[in-house]
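Read-outs: derived from the displayed coordinates by stated rules, not from any lab. Keep in mind that what you see is a predicted model, and the values were worked out from it rather than measured. Quick reminder, even Gly has a Cβ in these numbers, built from the backbone with ideal geometry, and neighbours come from all protein chains shown.
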Amino acid sequence: MAVKAGALRRRLAFQAQSSTQDASGQPLDTWTTSFTVWGSLLDVSAREAVNGAYTAQITTVATIRYRTGVLAGMRISGDGRYLEIVAPPIDKGGRHEQLEIMCREITP
């Protein structure tokens, strides 16, 4: 089933990491926007852990129209959040209509 346009109401920027060098030759990692699309975000789970330090983790599923170029290791920026793509995208239904992307919220 095709994803309905009204469900894709968030602007999501897909970013890839690149490495450059600063003036003193030190490596500098930066994020560059590869493409921006309309999509949706759905938080599916949250957990907290205390292993010497308090951590909270939110797992989110991003849904966009099908496209190539979405890779694990990229991140998504949208709604003031940064989401790390933690798995290859799923071609929902196998029809090249929509992608579901498992993400974990990160702090920049």
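Here are some notes:
- Inter-label distance, nm, simple model (7 Å from Cα along the C-beta direction), Ser19/Asp79: 3.3 nm
- Here the gap between Leu28 and Ile58, fully extended at 0.36 nm per residue and compared with their Cα-Cα distance, gives a gain of 8.1 nm.
- GNM remark for the chain: springs join alpha carbons under 10 Å apart, and the peak mean-square fluctuation among Ala13, Ala56, Ala72 falls on Ala56.
- Normalised per residue, the volume of the convex hull around the Cα set of the chain (Å³): 124 Å³
- Where trypsin sites (Lys or Arg not before Pro) fall in DSSP loop in region 2-41, at most 15 other Cβ within 10 Å: Lys4, Arg9
- Annotation for region 59-108 versus region 7-47: alpha-carbon center distance of 11 Å.
- Backbone amide hydrogens, once placed in the peptide plane, bring Arg67 within less than 5 Å of nothing, excluding anything fewer than 5 places away on its chain.
- Near the amide H of Val86, within less than 5 Å, lie the amide hydrogens of Met102, Cys103, Arg104, all on another chain or at least 5 residues away, with H placed in the peptide plane.
- When the chain is treated as a Gaussian network with alpha carbon springs shorter than 10 Å, the biggest mean-square fluctuation among Gln98, Gln17, Gln26 belongs to Gln26.
- Among Ser40, Ser77, Ser19, the largest mean-square fluctuation in a Gaussian network model of the chain, built with springs joining Cα atoms closer than 10 Å, belongs to Ser19.
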